[in-house]
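**Student:** Mind looking over this structure? Questions follow.
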Protein chains: 2
Amino acid sequence: MDVTKVAIIGLGTVGAGVARLLLEQQDRVASRAGRRLELVQAVVRDPRKPRESWLPAALVGTDIERVTNDPAIRVVAHLVGGVEPARTILLRLLEAGKDVVTANKAVLAEHGEDLFARARQLGRSIAFDAAVAGGIPIVTNLVQCLAANQITSLRAILNGTSNFVISEMEEHGADYHATLQQAQALGYAEADPTMDIDGTDSAQKLAILARLAYGVNVPWRTITRSGIDRLHTVDIRCARELGYRIKLMAVAQLADGGTPREGLELHVSPTLVRAGTQLADTRGAFNAIHLVGDAVGEIFFHGQGAGQMPTASAVVADMMDMAVGRAQLNLRSVIPWGTPTPRVVVRDCAALRGRYYLRLMVDDHPGVLAEIAGILGCNNISIASVLQHELDGMPTDGCQVPLVIMTHKTVEGAVQRAVEEIDGLSAVGARTIRMRVLDD
Amino acid sequence: MDVTKVAIIGLGTVGAGVARLLLEQQDRVASRAGRRLELVQAVVRDPRKPRESWLPAALVGTDIERVTNDPAIRVVAHLVGGVEPARTILLRLLEAGKDVVTANKAVLAEHGEDLFARARQLGRSIAFDAAVAGGIPIVTNLVQCLAANQITSLRAILNGTSNFVISEMEEHGADYHATLQQAQALGYAEADPTMDIDGTDSAQKLAILARLAYGVNVPWRTITRSGIDRLHTVDIRCARELGYRIKLMAVAQLADGGTPREGLELHVSPTLVRAGTQLADTRGAFNAIHLVGDAVGEIFFHGQGAGQMPTASAVVADMMDMAVGRAQLNLRSVIPWGTPTPRVVVRDCAALRGRYYLRLMVDDHPGVLAEIAGILGCNNISIASVLQHELDGMPTDGCQVPLVIMTHKTVEGAVQRAVEEIDGLSAVGARTIRMRVLDD
């Protein structure tokens, strides 16, 4: 049986999982790839860190040249986080003639265009199914299995930490900060969870998916995004009362008519999702992706978006694809980076149409609602429902009480303007919370 | 740009959908495959049947030799239903040097071994993602994306007609025959729906998935199966009262310990699925597949299991894979037929462990329950709950009433024996309904 020699750069959580699958499941991998994948090098930063007992010490070294100088190594799993030195390492691997499998969405979102251009120049490939949604093979599904479709809508829960925190807040009624601390203690959230909870991680992943689904070349920093860090239990409870759950949604959908001409709606934000739908029912640290394609119709994927072995599952599948030669065909013909469809433009969020949830803190005296309703009316926003009643544990700002308004379908720019006006009223306190609503 | 010439055999519903995608979305397909797929022949049985206006008449002919004798045609979509002449046609295409994409699960379930052996001899490939679960690309996901995993559990709703009928019965309380007639009138069920509703279709698809997931070579006829044709609204209502929904489940899971050594549990039957789970929430004509892999953990797929364009989406993706050369690599290295894992054996259903739902029709007089409970006790079956109360529209057999018993975990053989004894009691009427329960 043929042998493909492979290496791993980085033996953190995912790297150790990949090493374990390659070493402990050699026969399984060989029988399914039709060739043996032989792990010959594992490059680490810190040689003194204790390693798993099943990992032969001879495999482990600190010098990346043990990989780049060995022409027999064809495929390398690049399991280094962050942007630098991850980018430099990835380039060195390509330049040394390696096909690279990476799980690093940050480096792709930041430098994908350059990295893929360099790979093409060198006749090499970069596979990255593990970089988005962990164990869910969404990249291969978009690029290959659903390639006959124009995707018209992609709505996804891509950050397990945020989803875990929201689910816990929902279930136990605990506030955001207490829940986040608990998630950190349980290992569901990083010591520094900023990028997870502020929407950065989701926006980076969404930028990658939007390239694959729509061919748009969107720098992730330009994606309008907000995270869960301002989320309050009162909003979770009011949403539930209205028949919704709050999810940190990453959305990339063709606006209105669903044709590329209308432009692409692209954003990450806490969103009210109708209870009972598959996205609303996605709980804990799971990820989920709901797609609509013009041929396939609706299709939904749900699985573990992070974690050692789910991510390793995706990395090893990509390594097998590289060893077999499939991934190269995928990536060379599809060219995920560098061929934007010029017709698709990202719409200004102000032009988006939809329903909105507004939660205000208002003085509890007559006339306030009339004043607010007046502002909404002047901005052509019609009110679908109003919720104002006493709830335990809601924020109180002196004698202010929460007032929740659900709008009918309107334009986001009008809502932004109305909220600015409302926040200027003397009877209105803390900044008004505004969230998108997914109804259909 | 390179061109791959392709042909279609069969212009029924799916064939017309495939022709439409290839003709109307030529540029899309070309940009994603990196080469043009040029449809040059469409072979039909009945030349007088009216065809869609967008289909150039010059493409359509009745003679398969227009395809087999044209060496420029490399990839052929085989969209002929049933076993014969579908099998003969598929063999002729392989022998003419074509790579074949088929949506025909019946011919694969019946003759897959021979067809794949012949394809290997000839150096040709057969792709078949459309044959199972329509638009859900479960074949590629199992064979490629999840290839690093040992699948430990596969639970699926694979027949849209049955799921539609059950959903309608549940929603409207209408009985089985009326619902089926309505489904036929709406086009959700075939004129002859026998293979859909008696479990044949699901068993054929399950045989294919079990080969891919476990390497077992199981003739579909040997799969223990029952359909929805004996399903009564009373069971749907009692199941709901107990916190379950009834689904026609196709199950292939490693028994007990979840290791191949323990044997494979393989069956198709109406099953109680816990309400609120993703499988229970799969409604209407949708299909769904819940997998557990030893690395990836739980992963769930939901989409349209049939219909013109969802199936065409899968066929055209396979044709693109063939044109690019990916599918051949998939299918040559993985060899879905012909390499059984000898360690995995299919367990006798009598040895299965689980909970069971029993619905009896019993005389409404004292002592009957004691008699039944006695038989269950003698067979070491302990009762978890009993449901006996009046419901509208339930079957009445003279003065008999329905009695529902949920067992604790037990062995299926014991339940079979107990039911036989119970059905012999003079106080027990129509044959007892026995269903498996999925709790975890």
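**Student:** If I filter region A:160-190 down to residues being hydroxyl-bearing (Ser, Thr, Tyr) and assigned to a helix (DSSP H, G or I), which single residue comes out as surrounded by the most Cβ atoms within 10 Å (Cβ to Cβ)?
**Tutor:** So the residue we want is A:Ser162.
Rundown of residues vs (1) part of a strand (DSSP E or B); (2) among the basic types (Lys, Arg); (3) touching a Ser or Thr at 6+ places or on another chain (Cβ under 7 Å); (4) on the phi > 0 side of the Ramachandran plot, yes/no style:
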residue: B:Leu231; (1), (2), (3), (4): no, no, no, no
residue: B:Ile236; (1), (2), (3), (4): no, no, no, no
residue: B:Ala239; (1), (2), (3), (4): no, no, no, no
residue: B:Lys247; (1), (2), (3), (4): yes, yes, yes, no
residue: B:Gly258; (1), (2), (3), (4): no, no, yes, yes
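**Student:** Here is a follow-up. Restricting the search to region B:246-284, which residues are within 20 Å of the chain's Cα centre (by Cα) and acidic (Asp, Glu)?
**Tutor:** Selection gives B:Glu265, B:Asp281.
**Student:** May I pose another question? Might you let me know whether region A:211-220 holds any residue that is of a type in the set (S, T, N, Q) and more than 14 Å from the chain's Cα centre (by Cα)?
**Tutor:** yes
**Student:** A further question follows. Just wondering, is there one or more residues in region A:123-131 that are free of Cβ contacts under 8 Å to residues at least 60 places away in the same chain, in contact with a strand residue (DSSP E or B) (Cβ under 8 Å, 6 or more places away or on another chain), assigned to a loop (DSSP other than H, G, I, E, B) and among the basic types (Lys, Arg)?
**Tutor:** Here is the first cut: in region A:123-131, the ones free of Cβ contacts under 8 Å to residues at least 60 places away in the same chain are A:123-124.
Add one more test, that the residue is in contact with a strand residue (DSSP E or B) (Cβ under 8 Å, 6 or more places away or on another chain), and what stays is A:124.
Going one step further and asking which of them are assigned to a loop (DSSP other than H, G, I, E, B), we end up with A:124.
Now restrict to residues that are among the basic types (Lys, Arg): A:124.
There is at least one residue in region A:123-131 that is free of Cβ contacts under 8 Å to residues at least 60 places away in the same chain, in contact with a strand residue (DSSP E or B) (Cβ under 8 Å, 6 or more places away or on another chain), assigned to a loop (DSSP other than H, G, I, E, B) and among the basic types (Lys, Arg).
**Student:** Separate question: With respect to A:Ile151, determine if the residue is farther than 30 Å from A:Pro270 by Cβ, over 15 Å from the mean Cα position of the chain (by Cα), crowded, with 21+ Cβ neighbours inside 10 Å and of a type in the set (Val, Ile, Thr).
**Tutor:** no
**Student:** Another question, then. Across region B:132-147, what is the total count of residues that are within 11 Å of chain A (Cβ to nearest Cβ) and outside any helix (DSSP H, G or I)?
**Tutor:** Qualifying residue count for the region: 7.
**Student:** Residues that are within 30 Å of A:Asn141 (Cα to Cα) and at pLDDT 95 or above: find the strands (runs of 3 or more DSSP E) completely inside region B:323-440 holding 2 or more of those.
**Tutor:** Where strands (runs of 3 or more DSSP E) fall fully within region B:323-440, none carries at least 2 residues being within 30 Å of A:Asn141 (Cα to Cα) and at pLDDT 95 or above.
**Student:** Sort out which residues of region A:282-312 are assigned to a helix (DSSP H, G or I) and under 23 Å from A:Ser167 (Cβ atoms), and write them in order of number.
**Tutor:** First pass over region A:282-312, keeping only residues assigned to a helix (DSSP H, G or I): A:308-312.
The answer is A:Gln308, A:Met309, A:Pro310, A:Thr311.
**Student:** Right, another one. Among the candidates A:Leu37, A:Leu59, A:Leu55, which residue alone is among the aliphatic types (A, V, I, L, M) and closer than 29 Å to A:Arg211 by Cβ?
**Tutor:** Exactly one residue qualifies, and that residue is A:Leu37.
Conditions tested, residue by residue: (1) farther than 26 Å from A:Asp294 by Cα; (2) without any contact (Cβ under 8 Å) to a residue 40 or more places away in the chain; (3) assigned by TED's automatic domain parsing to the domain that holds B:Arg221.
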{"position": "B:Ala30", "(1), (2), (3)": "no, yes, no"}
{"position": "B:Pro50", "(1), (2), (3)": "no, yes, no"}
{"position": "B:Pro56", "(1), (2), (3)": "no, yes, no"}
{"position": "B:Asp63", "(1), (2), (3)": "yes, yes, no"}
{"position": "B:Val75", "(1), (2), (3)": "no, no, no"}
{"position": "B:Leu108", "(1), (2), (3)": "yes, no, no"}
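**Student:** Taking only pairs six or more apart or across chains, which ones have beta-carbon atoms under 7 Å, a first residue in region A:295-307 that is within 20 Å of B:Leu279 (Cβ to Cβ) and more than 7 Å from chain B (Cβ to nearest Cβ), and a second residue that is surrounded by fewer than 24 Cβ atoms within 10 Å (Cβ to Cβ) and modelled with pLDDT of 95 or more?
**Tutor:** If the second residue must be surrounded by fewer than 24 Cβ atoms within 10 Å (Cβ to Cβ) and modelled with pLDDT of 95 or more, no pairs are left.
The values are calculated or read from the model by the stated rules, or taken from the named source; none is laboratory data. Quick caveat: nothing in here was measured; it's all calculated off a predicted structure. Cβ coordinates were reconstructed from backbone atoms using ideal geometry, including for glycine residues, and neighbour counts include every protein chain displayed.
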